[in-house]
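Enquirer: I have a structure here, written as structure tokens, and I will follow up with some questions on it.
The values are calculated or read from the model by the stated rules, or taken from the named source; none is laboratory data. Worth saying up front: this structure is predicted, and the values here are computed from it rather than measured. Cβ coordinates were reconstructed from backbone atoms using ideal geometry, including for glycine residues, and neighbour counts include every protein chain displayed. When the accessible area is computed, the model is the full protein with side chains, heavy atoms only, and any ligands, DNA or RNA have been set aside. Shrake-Rupley method; radii C 1.70, N 1.55, O 1.52, S 1.80 Å.
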Amino acid sequence: MKIEQALVLYLLKHKQLSLQRIGTFKIDGAIPDNTDNDKPFIIPPDAISFQYDAKTGEDDDLIAFIVQNTKKIKPLASADLDSFLTLGLQFINIGKPFSIQNLGTLEKLKNGGLEFRPG
């Protein structure tokens, strides 16, 4: 399982996803729990909200979830997540969008914050 897939699965199961140096995603509303199905599942665009917070720290529950789903040891799971997010922030800083598959896209605003577009 890729990091992106683990992030979306975590969000679906816990209804909230905090990513270090980025912020928090929340599912607003009822989403049927079919995360165990093999069928592709698309989150409705209006169901996700995002709160930018550059001071967000690493989420230990998220790391434990990544360890469980990828079968990697904790330091490696933490490093993989950090590497993925660092690469995404580098894209954002050069003016490119950072897409998280099956979740949406983050782009930098003129005031320095981040804007999330679901889809």
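Enquirer: Can you bin the chain into rounded, prolate or oblate? Criterion: square roots of the alpha carbon gyration tensor eigenvalues sorted a ≥ b ≥ c, rounded for a/c under 1.5, prolate for a/b above b/c, oblate for the rest.
Expert: Taking the square roots of the gyration eigenvalues as a ≥ b ≥ c, the chain is oblate.
Enquirer: From the phi angles alone, apply the Karplus equation (6.51, -1.76, 1.60; θ = phi - 60°) to region 8-24 and give each ³J(HN,Hα) in whole Hz, x where the residue is Gly or Pro.
Expert: 5, 4, 4, 4, 5, 7, 9, 6, 8, 9, 9, 10, 4, 6, 10, x, 10
Enquirer: Follow-up question, since we're still on this one. Quickly work out the Gln101-to-Lys74 label distance, labels modelled 7 Å from Cα along the C-beta direction, and quote it in nm with one decimal.
Expert: 2.9 nm
Enquirer: Before I look further, what does the chain give for accessible area per residue, probe 1.4 Å, in whole square angstrom?
Expert: On a per-residue basis, the chain sits at 60 Å².
Enquirer: Using 0.36 nm per residue of separation minus the Cα-Cα distance, give me the extension gain between Leu109 and Lys2 in nm, one decimal.
Expert: 35.7 nm
Enquirer: Work out, step by step, the length gained on full extension between Phe91 and Glu58: first 0.36 nm times the residue separation, then minus their alpha carbon distance; give nm to one decimal.
Expert: That works out to 9.9 nm of additional length.
Enquirer: So for each of 105-118, 75-88 I average, over its residues, the number of other beta carbons within 10 Å; can you give me the resulting order with the highest mean first?
Expert: So the peptides 105-118, 75-88, ranked by packing, come out 75-88, 105-118.
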